[in-house]
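Please read the structure below before turning to the comments.
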Amino acid sequence: MASAPLIQVKDLSIVRDGNSILDRVSFTIKDGEYVGIVGPNGGGKTTLLLSMLGLLKPTRGEVKVYGKPADDPKSRESIGYVPQTFLGQKFTFPITIEEVVATGVVRPGFWGTLSKREWKRVHEKLDLVGMKGTEKESFHKLSGGERQRVIIARALVGNPDILFLDEPLSAVDQPSQATFYKLLSQLNKKGLTVVLVTHDLEMVAKQVSRVLCLNQSIYMNCKTSELSEAHNWSEFFGDAKAVHHHSH
Amino acid sequence: MSIFEYSFMVRALLAGSLIAVVAPLLGIFVVARNTSLIADTLAHAALAGVGIGVILGISPTWGAVAVALLAALGVEYLMKNHRFSADAVLALFLSGGLALAVALVRVKGASINFENYLFGSLITVTANEVWILLLTSLAMIGLILAYWWSFLSLSFSEELTSTRGLNTKMLKNLLAVLTGLMVSQSLKIVGGLLIGAMMVIPVLIAITLCKSARSSVLVSIIFALLSVWSGLIISYYLNIPSGSAIVLMNVFWFAAALLVKGFGTFKNS
């Protein structure tokens, strides 16, 4: 793999309508890491994610993917994305599970003429997320957890190097969450870089190997094992409940 | 004498069949994106184009095409750049288009039968118009098929589509322009007040009966063709406007699909 960091965020500042959303944020993410980005609501997590996806231009500073600007089309091909609230909930049109995954193929051919190789990849990714045998089933009949697994398969069909997930389990029940995290861990072990964005520090600390705590600027960037209750989490989150969860 | 011995009937069947293929192909994405009213909106704008064509002394059809395309881009622009809701923008163009159309036609006097453009008329379709419709339909079908997966992705989730590096603004503008072109070309057969139904009702039938997006395409086209053929024949024998008959047949097939689906669900319960 290349020696350059997969993601390099350098002195990133974003100002919107006169308000500072991100202030001089710098960090790197290397190939194969499993990173959690944690912070309070409104702390700039989603803004940071959109910058890394190349969908938001920095006011100052830069975001690079394999040394290229994040909005470079080549950079986008390295990235898979699973959004916070999956918009497909509004989508009521008939669509099968394999068709959902096929919409992730970047340069498809004419209608119904995805190449055999591309369909094979679609089915391989469904197999990878534990949805084998459901290809022809309706996407609308799936539970929240199953839908998110299909959306992961969609994100993986372009063979990305890094997978971003933005609060992926906000509408998923507890047992499905455990299966979901097991899947992310397996994908990471197979070499995929995973970046999980969430407001839940307790949960993320159990999953990832490194945590970036963000509230406009980087509050902490450390290994999960270095996290301590001695830190002033109350000040960081501005929410006593989050601290309580962490201290379990 | 068989109705197919009349050349105007053959022209109407050919033109209607082309519309029956293109309208649901686009309608799928229009319905999936929850913008079903866009066809009606652009059709009303196209009616204003008919009026402008009459005023300028050019072909009303070309006037309709030009104004429908401008309206399509205008709708997308206002939805993207202002904090207006989609239905409010569509209502603006819908009422504005019809108001302008009626005013322009009244100013010029009764040099055309405006009702033909509102409800469709079999006998006014010329051979030249069928040829133009054939060429534009082939171009539209080619473009829709080329971008089919991208349009499906856009309809499924704009956010996910943009993160794959696809140009969502271009895709939305292309869909709007294709819809404007299809609608303006269909005025004489189906009529400006009824063309929206040709894009939406066959798709509703497909939603009722299908599980996959690809089978929805085929099913919606089959029912659109059935509606056009049966509607034109009914229009001829009962002497009612073709657009009205075609839309009523669409509604009939939709009701039949609901019944079939309901019967299937009842049987399996």
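Across segment A:123-134, coupling constants 3J(HN,Hα) worked out from phi with the 6.51/-1.76/1.60 Karplus curve, θ = phi - 60°, read 6, 4, 5, 5, 4, 4, 8, x, 10, 4, x, 10 Hz, and Gly and Pro carry x. Derived scalar couplings between HN and Hα for segment B:124-137 equal 8, 6, 8, 4, 4, 5, 5, 4, 5, 4, 4, 5, 5, 5 Hz in order, rounded to whole Hz, by the Karplus curve 6.51 cos²θ - 1.76 cosθ + 1.60 (θ = phi - 60°), x for Gly and Pro.
Under 5 Å from the amide H of A:D23 lie the amide H atoms of A:I14, A:S217, each residue being 5 or more positions distant or on a separate chain, with H modelled from the backbone and absent for Pro and chain starts. Note on segment A:1-79: the C-alpha convex hull projects to 5.2 nm² when averaged across all orientations. Within the shell of other residues whose beta carbon sits under 11 angstrom from the beta carbon of A:D71, the net charge comes to +3, with Lys and Arg scored +1 and Asp and Glu -1.
Placing one equal scatterer on every Cα of the protein assembly as shown and applying the Debye formula, the log10 ratio I(q)/I(0) at q = 0.11 Å⁻¹ is -0.96.
With θ taken as phi - 60° and the Karplus curve 6.51 cos²θ - 1.76 cosθ + 1.60 applied, the whole-hertz 3J(HN,Hα) list for segment B:243-257 is x, 4, 5, 5, 5, 4, 5, 4, 5, 4, 5, 5, 4, 4, 4 Hz, x standing for glycine and proline. Of all DSSP-defined beta bridges confined to the protein assembly as shown, some 55% are antiparallel rather than parallel. Under the rule of at least 5 residues apart or a separate chain, name every residue whose amide H is placed under 5 Å from the amide H of A:C222. Amide H neighbours of A:C222, under 5 Å, 5+ apart: A:V211, A:C213.
Using a 10 Å cut-off around each Cβ, can you sort B:F84, B:F8 from fewest to most neighbouring Cβ atoms? Kindly include the intermediate steps, with their values, before the conclusion.
Working: B:F84 13, B:F8 16.
Going from sparsest to densest Cβ surroundings: B:F84, B:F8.
Using the Cα gyration tensor of segment B:3-268, with a ≥ b ≥ c the square roots of its eigenvalues, what is the shape: rounded (a/c below 1.5), prolate (a/b larger than b/c) or oblate (neither)?
On the way: a/c = 1.73, a/b = 1.10, b/c = 1.57.
Oblate, since a/c reaches 1.5 and b/c is not below a/b.
Quick note: the coordinates plus some simple rules give every number you see, no bench work behind them. Keep in mind the model is a prediction, meaning the values are calculated, not measured. Glycine also receives a Cβ, built like all others from the backbone with ideal geometry; neighbour counts cover every protein chain displayed.
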